[in-house]
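Accompanying notes for the structure given below.
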Amino acid sequence: MDFNENVQKWLTGSFDPETKTQILLLRNSDPAALEDAFYKNLEFGTGGLRGIMGPGTNRMNRYTVGMATQGLANYINSHVEGDKSVCISFDSRNNSKLFAKISADVLSNNGIRVWLFDNIRPTPELSYSIRLKKATAGIMITASHNPKEYNGYKVFWADGGQITAPVDKEIVEEVARITDPGEVRFEPDGPVGGIDIMGRDVDEAYLRDILSLMLSPESRERNADKIKIVYTPLHGCGVRLMPEALQRIGFKHIYHIPEQDVSDGDFPTVESPNPEEPAALKMALEKADKVGADLVLATDPDADRLGIAIRDADGKMLRLNGNQTASILTYYILTRWEELGKLDGTKYCVKTIVTTELLADICQGFGVPCYNVLTGFKYIAEVVKRHEADGEFICGGEESYGFNAGQFVRDKCAQVSGCLVAECAAWAADRGKTLYDILQEVYEKFGYRLEEMVYIVRKGKSGAEEIARIMSDYRFSPPETIAGIPVVKVVDYMHPEKTGLPKSNVLQFFNQEGDVVTVRPSGTEPKIKFYFGAKGEGAARKISLLKEEFIS
């Protein structure tokens, strides 16, 4: 696209004066940023929108959000019979409330009823509300754990999961037909669907169902008063429900970081509001040492991802990665389900292809099937939907701090996983152990595995081209060895006829010892990600070798 032509259209078109002023300022101060803002349209992909906020066709703003919503409204009105409604939630990011209100207005102006949350709510609660309200679809305004410059727009369908094939592609096509903000019904020109506000009623139902997933009430009763927990929402919306959920299952000693309880889209106390980043937990870890806490829980801005830290064998706080947390929880849940006689051959778990194979090993040890799906919790939700009539989802996880249990929520849920982690700590205490001891127990029973993810950031048009070139090089010249050990299998997920999974720009390399490297561009950020997995006692050494081989 000719970005100068796009700039001129916005400067002379019916855009608001503030937007035009911002464009002029950008043209005078940062021509490269102006080009990046206008050189293409912000892509509405199968997960919705995500991008930097600001004026331009390649930015998150009232016009790109309105165009996306008009396309979604057109799809719903042309494909869904009978009553139509959409649930909408938003997180604490800058402009999230504005984008939610614009989305609600556009849908209502297209004759679709809207259920709009009265304030910030977690993404998993949005998923939950769709099924509770029997809605057609849902919209979550969030950019998850991205930096403060970003915002996003996730679309969910009637089952409560993010849209998947064929609905995702059909909605993408419908949105692509909206080429000008003038096509958007920002103002009503006929009957409206109406906007209803929802809030505490949904909270109560959501919390009630979370509590029904707990497995060890006696252990909680004996130990909840002894366990100290530090919790931080990292300026996000988890503050509304996570502490209350923990209190409702009996935990009394929950310590806050007051500065981080403030819902603020600038995320003033952290460089990145991502619990995967060590620096994000700095204040929480300091608080844990000050109060002698056993456990740290941290949620990202939309409270779907959970980061945790526990005491190691020497009593020092140890951050766990997403694979370790998922392994502990899967082991705990399956152990309790087996003890409670709930494993009857119809139950199953799910993991993503970049998540530790330890989850599959644990499931195999309990005789429980474990499905493998593409990266993204929407694919886990798709399996749950597919097996509603013939099976029951126990739990599922992904390496990027996402986990869920039960079928109430069809996305990763930090409230569910946070309560289960706390309960697991009480269960471990009943056995004279800690969460760290439980992790060692998992390794002893199922074998040691170590994983690490490293990413490279390449921004803008040139960055996107470089990432594409890296993938092309690996695709046509795959490594013959990884960690000095011969590669015995290469999996290219661009070939669904071979993988049995949807087409995806992902490559995996396996060596003779079962070590694995996965390479994939991020679908939401200007990054290319490398996932390293190693087995056995020499795992740490092999991870170091893999990073040298691939990142250098």
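The values are calculated or read from the model by the stated rules, or taken from the named source; none is laboratory data. Small disclaimer: the values here were computed from a predicted structure and weren't measured. Cβ coordinates were reconstructed from backbone atoms using ideal geometry, including for glycine residues, and neighbour counts include every protein chain displayed. These area figures cover heavy atoms from the full protein model, side chains too; ligands, DNA and RNA do not enter into them. Shrake-Rupley method; radii C 1.70, N 1.55, O 1.52, S 1.80 Å.
May I ask you to say which residue of 351, 342, 378 is touching a strand residue (DSSP E or B) at 6+ places or on another chain (Cβ under 9 Å), basic (Lys, Arg) and closer than 23 Å to residue 449 by Cβ? Before you say what the answer is, go through the steps one by one.
Details: 342 fails: closer than 23 Å to residue 449 by Cβ; 378 fails: closer than 23 Å to residue 449 by Cβ.
Answer to the selection: 351.
Out of region 411-450, which residues are within 20 Å of residue 354 (Cα to Cα), part of a loop (DSSP other than H, G, I, E, B) and open to solvent by 40 Å² or more (accessible area, probe 1.4 Å)?
Matches in region 411-450: 448 only.
Tell me which residues, restricted to region 140-153, are part of a strand (DSSP E or B) and either under 24 Å from residue 504 (Cβ atoms) or open to solvent by 10 Å² or more (accessible area, probe 1.4 Å) (or both). Can you show your working first?
Going through region 140-153, the residues part of a strand (DSSP E or B) turn out to be 140-141, 150-153.
Of everything in region 140-153, those that are part of a strand (DSSP E or B) and either under 24 Å from residue 504 (Cβ atoms) or open to solvent by 10 Å² or more (accessible area, probe 1.4 Å) (or both) turn out to be 140, 150, 152, 153.
Any residue in region 154-178 that's surrounded by 14 or more Cβ atoms within 10 Å (Cβ to Cβ): show its pairings with residues that are small (Gly, Ala, Ser) and in a loop (DSSP other than H, G, I, E, B) at Cβ separation under 7 Å, as long as the two are six or more apart or on different chains.
Note: pairs meeting the criteria are 154/47; 158/135; 162/47.
In region 117-139, which residues are touching a Ser or Thr at 6+ places or on another chain (Cβ under 6 Å), open to solvent by less than 10 Å² (accessible area, probe 1.4 Å) and part of a loop (DSSP other than H, G, I, E, B)?
Those that are touching a Ser or Thr at 6+ places or on another chain (Cβ under 6 Å), open to solvent by less than 10 Å² (accessible area, probe 1.4 Å) and part of a loop (DSSP other than H, G, I, E, B): 121, 135.
Going by what's in this entry, would residue 192 be described as aliphatic (A, V, I, L, M), outside any strand (DSSP E or B), open to solvent by 60 Å² or more (accessible area, probe 1.4 Å) and more than 21 Å from residue 301 (Cβ to Cβ)?
Values: aliphatic (A, V, I, L, M): yes; outside any strand (DSSP E or B): yes; open to solvent by 60 Å² or more (accessible area, probe 1.4 Å): yes; more than 21 Å from residue 301 (Cβ to Cβ): yes.
It is true that residue 192 is aliphatic (A, V, I, L, M), outside any strand (DSSP E or B), open to solvent by 60 Å² or more (accessible area, probe 1.4 Å) and more than 21 Å from residue 301 (Cβ to Cβ).
For region 208-245, name all the residues that are open to solvent by less than 20 Å² (accessible area, probe 1.4 Å), more than 23 Å from residue 340 (Cα to Cα) and either in contact with a helix residue (DSSP H, G or I) (Cβ under 8 Å, 6 or more places away or on another chain) or among the acidic types (Asp, Glu) (or both).
From region 208-245, those open to solvent by less than 20 Å² (accessible area, probe 1.4 Å) are 210, 215-216, 219, 223-224, 227, 229-238, 241-243, 245; that's our starting set.
Filter once more, keeping what is more than 23 Å from residue 340 (Cα to Cα): 227, 229-238, 241-243, 245.
Once the filter is applied, which keeps residues that are open to solvent by less than 20 Å² (accessible area, probe 1.4 Å), more than 23 Å from residue 340 (Cα to Cα) and either in contact with a helix residue (DSSP H, G or I) (Cβ under 8 Å, 6 or more places away or on another chain) or among the acidic types (Asp, Glu) (or both), region 208-245 yields 227, 229, 230, 231, 232, 233, 234, 235, 238, 241, 242, 245.
Of the residues that make up region 359-366, is at least one open to solvent by less than 50 Å² (accessible area, probe 1.4 Å), in a loop (DSSP other than H, G, I, E, B) and either at pLDDT 95 or above or of a type in the set (D, E, K, R) (or both)?
Start the filter on region 359-366 by keeping residues that are open to solvent by less than 50 Å² (accessible area, probe 1.4 Å), which leaves 359-363, 366.
Now restrict to residues that are in a loop (DSSP other than H, G, I, E, B): none.
Looking for residues that are open to solvent by less than 50 Å² (accessible area, probe 1.4 Å), in a loop (DSSP other than H, G, I, E, B) and either at pLDDT 95 or above or of a type in the set (D, E, K, R) (or both), one finds none in region 359-366, hence no.
I'd like to check something: does region 370-391 contain any residue that is under 30 Å from residue 255 (Cα atoms) and part of a strand (DSSP E or B)?
no
Consider residue 33 against the criteria (1) in contact (Cβ under 8 Å) with a residue 24 or more places away in the chain; (2) surrounded by fewer than 22 Cβ atoms within 10 Å (Cβ to Cβ); (3) hydrophobic (A, V, I, L, M, F, W, C): it satisfies all of them except one. Which criterion is unmet?
The single condition residue 33 does not satisfy is (1).
In the list 266, 312, 294, which residue meets the criterion of being in contact with a Phe, Trp or Tyr (Cβ under 6 Å, 6 or more places away or on another chain), more than 12 Å from residue 233 (Cα to Cα) and open to solvent by 10 Å² or more (accessible area, probe 1.4 Å)? Steps first, please.
Numbers: 266 fails: in contact with a Phe, Trp or Tyr (Cβ under 6 Å, 6 or more places away or on another chain); 294 fails: in contact with a Phe, Trp or Tyr (Cβ under 6 Å, 6 or more places away or on another chain).
On inspection, the qualifying residue turns out to be 312.
List the pairs whose first member sits in region 330-341 and is without any contact (Cβ under 8 Å) to a residue 12 or more places away in the chain, whose second member is open to solvent by less than 10 Å² (accessible area, probe 1.4 Å), and whose Cβ atoms are under 7 Å apart, counting only residues at least 6 apart or on separate chains?
none
Only one of these is touching a Lys or Arg at 6+ places or on another chain (Cβ under 8 Å) and among the aliphatic types (A, V, I, L, M): 24, 42, 72. Name it.
Details: 24 fails: touching a Lys or Arg at 6+ places or on another chain (Cβ under 8 Å); 72 fails: touching a Lys or Arg at 6+ places or on another chain (Cβ under 8 Å).
None of the others qualify; the one that does is 42.
Would you mind finding the one in 111, 66, 71 that is touching a helix residue (DSSP H, G or I) at 6+ places or on another chain (Cβ under 9 Å), modelled with pLDDT of 95 or more and assigned to a loop (DSSP other than H, G, I, E, B)? If you could, list the steps in order and put the result at the bottom.
On the way: 66 fails: assigned to a loop (DSSP other than H, G, I, E, B); 71 fails: assigned to a loop (DSSP other than H, G, I, E, B).
One residue alone meets the criteria, 111.
For the condition among the aliphatic types (A, V, I, L, M), under 26 Å from the mean Cα position of the chain (by Cα), more than 27 Å from residue 206 (Cβ to Cβ) and open to solvent by less than 50 Å² (accessible area, probe 1.4 Å), what is the one hit in 353, 328? Break it down into steps so the answer makes sense when it comes.
Working: 328 fails: more than 27 Å from residue 206 (Cβ to Cβ).
Only one candidate passes the filter, namely 353.
Any residue in region 273-287 that's closer than 20 Å to residue 92 by Cβ: show its pairings with residues that are at pLDDT 95 or above and among the acidic types (Asp, Glu) at Cβ separation under 9 Å, as long as the two are six or more apart or on different chains.
Sorted first by the residue in region 273-287, then by its partner, the pairs are 273/300; 274/300; 275/300; 276/300; 280/300; 283/259.
Determine which single condition residue 506 fails, assuming it passes every other condition in (1) touching a Lys or Arg at 6+ places or on another chain (Cβ under 9 Å); (2) at pLDDT below 95.
Evaluating residue 506 over (1) touching a Lys or Arg at 6+ places or on another chain (Cβ under 9 Å); (2) at pLDDT below 95 leaves (2) as the failure.
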